[in-house]
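Data first, discussion second: the structure below is written as structure tokens.
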Amino acid sequence: MKPTFSIIVPVKRINSYILNDIIPALSAQTYKNFELIIVPHQKRKTRLLPDFVKIYPYSENNPSRKRNHGVKKSKGKILVFLDDDAYPGKFWLKNALSLLKDQKLSAVCGPGVTPPANSLLQKVSGYFWSSFLGSGGAGTYRCLPQKKRFVDDYPSFNLFVKKDDFLHIGPFDPRFYPGEDTKLCHDLVYKLKKKILYHPQVLVFHHRRNIFLPHLKQLSRYAVQRARFTYLFPKTSKKLGYYLPALFFLGLITIPPLIIFLEILSLCFISIPLFLIYLAIIFVYIILLLLNSLHTLFVSKNLLISLLLIPTTLISHLTYGFLFLKTLVRRKI
């Protein structure tokens with residue numbers, strides 16, 4: 001019997017996340033008719049794996065091409081795109097199957113919450129992404145279970161797509177990594193005229209990057225691609241939340257020299273109000289940082305996490321804002 005689901009995971013190599021998280025989580029699923037397709041850079045000997053695991057190496061180390069290779073090898077009628085650092089809850093497949101019986105739906109997706117076993121530095125990153133200051137235009141629902149809704153953009157760490165629809169609009173475009181999933185979702189919604197449903201019960205646990213460097217490296221890739229997508233896919237990417245860090249960064253570096261220049265020209269009637277506006281923006285931002293930190297303290301019950309979230313948020317905003325603005329100005333598509 002052919003599997004219902006083909007779960008595709010691109011990796012550099014079969015790692016501990018796959019062996020210790022994904023395979024045990026899939027073995028515990030209440031719905032059993034699935035295959036797990038792992039696409040590593042090359043096949044290496046590993047410990048004995050369950051029968052549902054299929055390994056199809058692909059020499060080019062590009063996640064988009066690896067996912068496409070996994071699709072070609074798949075036998076299921078529903079494609080499931082899962083990151084190697086994410087693992088599902090017990091009723092993941094059962095809940096998704098129930099939702100996908102709706103003919104109007106082309107895809108379903110769900111939140112990726114921070115695993116309880118993550119380190120403190122990983123949890124800080126998790127609280128950043130799940131906070132109203134960190135999620136930006138993407139929305140907190142990607143990292144926290146929230147009410148169901150239709151979406152037009154969702155990352156491939158937890159994305160179910162009907163195979164016929166995927167094949168109809170074409171494979172992942174490797175030119176857009178990371179962000180090939182944005183183009184896929186865009187085409188499903190605006191070209192195929194189908195719907196993508198986010199549902200909190202289609203849940204996975206998603207390991208976070210440590211702060212600061214691994215976290216910032218991941219965020220930097222997102223900033224560059226999202227700026228490109230404002231030109232390429234404005235329907236999904238021209239959102240105020242994606243622009244705010246860039247506007248904040250731009251204001252920080254341009255307003256002070258502008259005030260000085262106005263003072264030199266003795267245009268105090270302009271420089272003084274501008275200075276007050278600048279101070280007000282800084283004051284409001286500090287208040288937001290503190291409120292976000294207090295909320296995190298209330299949720300996490302961990303003072304160190306809430307304190308570390310303050311510099312993490314500030315540095316993340318400045319990094320994202322600079323790279324987003326740089327890419328936007330260069331218009332490098």
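Measuring nothing but how far apart in sequence close Cα pairs (under 8 Å, 6+ apart) lie, relative to its length, segment 255-333 scores a relative contact order of 17 percent. The dipole here belongs to segment 164-240: it is taken about the Cα centre, uses +1 on the Cβ of Lys and Arg and -1 on the Cβ of Asp and Glu, and is about 380 debye. Taking a ≥ b ≥ c as the square roots of the eigenvalues of the Cα gyration tensor, segment 187-232 is oblate, since a/c reaches 1.5 or more and a/b is not larger than b/c. Label separation (LYS235 vs LEU314): 4.1 nm, computed from points 7 Å beyond Cα along the C-beta direction.
State the dimensionless ratio Rg/Rh of segment 237-330 (Rg: radius of gyration of Cα atoms; Rh: Kirkwood radius).
Values: Rg = 16.4 Å, Rh = 15.1 Å.
Taking Rh as the inverse mean 1/r over Cα pairs, Rg/Rh reads 1.08.
In the chain, the longest principal axis of the Cα atoms and the axis of helix 240-264 are about 20 degrees apart. If the segment from CYS268 to ASN62 were pulled out straight at 0.36 nm per residue, it would be longer than the present Cα-Cα gap by 68.6 nm.
For the chain, the longest principal axis of the Cα atoms and the long axis of helix 268-300 meet at an angle of about 40 degrees.
If you count the DSSP beta bridges with both ends in the chain, what percent of them are antiparallel, to the nearest 5?
Values: 14 of 33 bridges.
So the antiparallel bridges in the chain amount to around 40 percent.
Over the chain, what relative contact order in percent results from Cα pairs under 8 Å that are six or more residues apart? Over the chain, the number comes to 19 percent. PRO50 sits among other residues whose Cβ lies under 12 Å from its own Cβ, and their net charge, with Lys and Arg +1 and Asp and Glu -1, is +1.
Mind putting a number on the dipole of segment 99-222 about its Cα centre? Charges go on the C-beta only, +1 for Lys and Arg and -1 for Asp and Glu, and I need it in Debye to the nearest 20.
Details: 19 positive and 9 negative charges, 40 e Å.
It works out to roughly 200 debye.
Straight Cα distances below 13 angstrom link LYS32 to the aspartates and glutamates ASP51, with same-chain residues fewer than 8 positions distant left out. For the chain, a crude dipole built from +1 on the beta carbon of Lys and Arg and -1 on the beta carbon of Asp and Glu, taken about the Cα centre, is about 1240 debye to the nearest 20.
In segment 1-48, a dipole from Cβ-located charges (positive for Lys and Arg, negative for Asp and Glu) runs towards its positive end, and of TYR31, PHE5, GLN42 it is GLN42 whose Cα lies farthest in that direction.
If you model segment 167-285 as an ellipsoid using its alpha carbon gyration tensor, with each semi-axis the square root of five times an eigenvalue, the axes come out at 40, 18, 14 Å, biggest first.
Show me the ranking of peptides 117-123, 54-60, 77-83 by mean Cβ neighbours inside 10 Å, starting with the highest. List each step's numbers first, then the result.
Values: 117-123: 16.1, 54-60: 14.6, 77-83: 23.1.
Result, highest mean Cβ count within 10 Å first: 77-83, 117-123, 54-60.
Taking every lysine pair in segment 50-156 that is 8 or more places apart or spans two chains, those with Cα atoms closer than 18 Å amount to 12.
Evaluated at q = 0.08, 0.10 Å⁻¹, the base-10 log of the normalised Debye intensity for the chain, with identical point scatterers placed on the Cα atoms, takes the values -0.42, -0.63.
Partners of LYS239 within straight-line reach, counting aspartates and glutamates whose Cα lies under 14 Å from its Cα and excluding those fewer than 8 residues away in the same chain: ASP152, ASP153.
The long axis of helix 303-330 is offset from the longest Cα principal axis of the chain by roughly 90 degrees.
Just so you know, all these numbers are worked out from the coordinates, no wet-lab data involved. All of these numbers come straight from a predicted model, not from anything done at the bench. Counting neighbours? That spans all protein chains shown, and the Cβs are built from the backbone with ideal geometry, glycine included.
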